[in-house]
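> Please find one structure pasted underneath; my questions will follow.
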Amino acid sequence: MINQFDNQTFRHYKSTRVPTCKHLFLAGLFLLCSIQLSAQCECTDCTVNLPTSGFASSTISISGASNSTLGSNGQQLCQICIDMNHDAVQELDVTLIAPDGSSVELILDTGLAINDDITFEICWVSCDQTANPDSGFPAVFDSDAGWQPNTTYTGTYYPAAGCLEDLTGDVNGDWDLEFFDNVGGDGGSLFDWYLVFADDSGAGCANSGSCGSGPTCEAEGGELNAPAILACEGDSELAIDEDPSFPNGNEAPASLYDYEFIIYDAITGVIIDINATTDLTAYAPGEYVICGLSFFTTDGFLIPGPDGSLEIGDIQDDIDDGLYCADISDECISVTIEEPVEAPDFQGPLNVCAGELVVYE
């Protein structure tokens, strides 16, 4: 019993061996704070039941991020990773929503499936990185890409629509992962999901990492050295077949890079076509320029297509900003197409005699 000890012994015993309520409270508070801090950026309400039809969601709440503005000071969302099982991924729309309401579509509904029992332990990466999809599957996630039943997939992908870079606003706040099953009958479970930012200072995310840019961009447009072409509309000379030259021997590896041609209006700069061929026989009279475009094959879907306003300078700006790995040729081909000249129509006598003065119009 304690009354068997003198006061000094009791004071020593109390200070060294008996944790007080205050000590327990502080220790518990520290432990709770540590758990909450380490849970930042990762699901805390999982497992989430994904019903056979309708809506389900999970929320990650982030606070304390010091570099907090997406798209500023190098801050961006690098990855969102999930661990889920589902019987009919083709029936899902999956959307990631940032605290400010901006969103990106990770999975889009493409049809029907039955009892597939597929496990996805995958990540979606920002479009300035190199995706590493599972063998035989496209880099842009396609729910109708032929996922096999009773199989686990572990690759990295680009979102089905848009890029993680499209997300804006503050890192701090509620991040929502929303699921909508468009057809009844098959469901699944979300076991876990987490976010990876370029800079998680202050947030203490459980899964940290940096946004890598992937391999060094080796795109090389080379040179198109053909002389300027002047031809009439529809002339066979406009079926141009000019291969790029690489005087520095720096042609990009054909196994990783594609090569196409940009055809644009020389007066307005507006791009008319981006194509693997340069047949201008169907083009109307005008002045055109043909430039080569080398690009990393996986980045091809990032390159915008002609829309009536896209200019050659827009492509170059995107390349300079690192939105995709590509390079425009140093030399381009100028092409002038003129209207065909019709044979003159002469009016006058068909038969004349020597020395006779006749008039033709």
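> Do you know which residues across segment 305-331 are open to solvent by 30 Å² or more (accessible area, probe 1.4 Å), part of a loop (DSSP other than H, G, I, E, B), within 20 Å of Ala266 (Cβ to Cβ) and in contact (Cβ under 8 Å) with a residue 60 or more places away in the chain?
Within segment 305-331, Asp330 is the sole residue that qualifies.
> (1) polar (S, T, N, Q); (2) under 30 Å from Asp321 (Cα atoms); (3) surrounded by fewer than 17 Cβ atoms within 10 Å (Cβ to Cβ): which one isn't true of Thr156, the others all being true?
Every condition holds for Thr156 apart from (3).
> Separate question: Could you tell me whether Leu96 is over 13 Å from the mean Cα position of the chain (by Cα) and at pLDDT 95 or above? Before the answer, list the steps.
Working: over 13 Å from the mean Cα position of the chain (by Cα): yes; at pLDDT 95 or above: yes.
Yes, satisfied.
> Can you name the residue in segment 277-296 that is among the polar types (S, T, N, Q) and surrounded by 14 or more Cβ atoms within 10 Å (Cβ to Cβ) and, of all such residues, is nearest to Ile337 (Cα to Cα)? Break it down stepwise before answering.
So in segment 277-296, the residues among the polar types (S, T, N, Q) come out as 277-278, 281, 294.
Going one step further and asking which of them are surrounded by 14 or more Cβ atoms within 10 Å (Cβ to Cβ), we end up with 278, 281, 294.
On the way: Thr278: 14, Thr281: 9, Ser294: 26 Å.
Per the criteria, the residue is Thr281.
> What are the pairs, 6+ residues apart or on separate chains, where a residue within segment 162-184 that is under 12 Å from Leu77 (Cα atoms) and open to solvent by 50 Å² or more (accessible area, probe 1.4 Å) has its Cβ under 6 Å from a residue that is among the basic types (Lys, Arg) and assigned to a strand (DSSP E or B)?
Note: no pairs meet the criteria.
> Name the residue that is most open to solvent (accessible area, probe 1.4 Å), counting only residues in segment 99-114 that are in contact with a helix residue (DSSP H, G or I) (Cβ under 7 Å, 6 or more places away or on another chain) and closer than 18 Å to Gln75 by Cβ.
Ser102
> Out of everything in segment 325-361 that is closer than 22 Å to Thr277 by Cβ and hydroxyl-bearing (Ser, Thr, Tyr), what residue ends up being farthest from the chain's Cα centre (by Cα)?
Among them, the one singled out is Thr336.
> Among the residues in segment 23-33, are any modelled with pLDDT of 90 or more and not in a loop (DSSP other than H, G, I, E, B)?
First, pick out the residues of segment 23-33 that are modelled with pLDDT of 90 or more: none.
So far as segment 23-33 goes, no, none of its residues is modelled with pLDDT of 90 or more and not in a loop (DSSP other than H, G, I, E, B).
> Being assigned to a loop (DSSP other than H, G, I, E, B) and open to solvent by less than 90 Å² (accessible area, probe 1.4 Å) is the filter here; which residues of segment 332-342 pass it?
Cys332, Pro340, listed by residue number.
> Are any residues in segment 129-144 under 13 Å from the mean Cα position of the chain (by Cα) and open to solvent by 50 Å² or more (accessible area, probe 1.4 Å), and if so, which ones?
Thr130, Asn132, Pro138
> Right, something else. Which ones in segment 259-290 are in a strand (DSSP E or B), of a type in the set (S, T, N, Q) and in contact (Cβ under 8 Å) with a residue 24 or more places away in the chain?
Step one: of segment 259-290, the residues in a strand (DSSP E or B) are 259-265, 270-275, 278-279, 286-290.
This time we only want the ones that are of a type in the set (S, T, N, Q), so: 275, 278.
Passing the criteria: only Thr278.
> Looking at segment 213-264 only, could you name the residues that are at pLDDT below 90 and among the β-branched types (Val, Ile, Thr)?
Thr216
> Consider only pairs whose beta carbons are under 6 Å apart and that are at least six residues apart or on different chains; among these, list those whose first residue lies in segment 240-257 and is farther than 15 Å from Ala219 by Cβ and whose second residue is among the acidic types (Asp, Glu).
What qualifies is Ser245/Glu223.
> For segment 272-303, enumerate the residues that are out of contact with any Gly (no Cβ under 8 Å at 6 or more places or on another chain) and over 30 Å from Gly322 (Cβ atoms).
Quick first cut of segment 272-303, residues out of contact with any Gly (no Cβ under 8 Å at 6 or more places or on another chain) only: 272-273, 275-280, 283-290, 295-303.
Hits for segment 272-303 are Asp279, Leu280, Tyr283, Ala284, Pro285, Gly286, Glu287.
Residues checked against (1) open to solvent by 50 Å² or more (accessible area, probe 1.4 Å); (2) within 23 Å of Gly322 (Cβ to Cβ):
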| residue | (1), (2) |
| --- | --- |
| Ser58 | no, no |
| Ser61 | yes, no |
| Asn85 | no, no |
| Val89 | no, no |
| Ile97 | no, no |
| Cys123 | no, yes |
| Gly146 | no, no |
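> While we're looking at this one, here's another question. Would you point out which residue out of Gly202, Gly184 is part of a loop (DSSP other than H, G, I, E, B) and over 30 Å from the mean Cα position of the chain (by Cα)? Show your work before the answer.
Values: Gly202 fails: over 30 Å from the mean Cα position of the chain (by Cα).
After ruling out the rest, the residue left standing is Gly184.
The values are calculated or read from the model by the stated rules, or taken from the named source; none is laboratory data. In this text the structure is predicted, and so the values were computed from the model without any measurement. Every residue, glycine among them, receives a Cβ derived from its backbone with ideal geometry; neighbour counts consider all protein chains shown. Just so you know, the surface numbers come from the protein's heavy atoms only, side chains and all, with ligands and any DNA or RNA stripped out. Shrake-Rupley method; radii C 1.70, N 1.55, O 1.52, S 1.80 Å.
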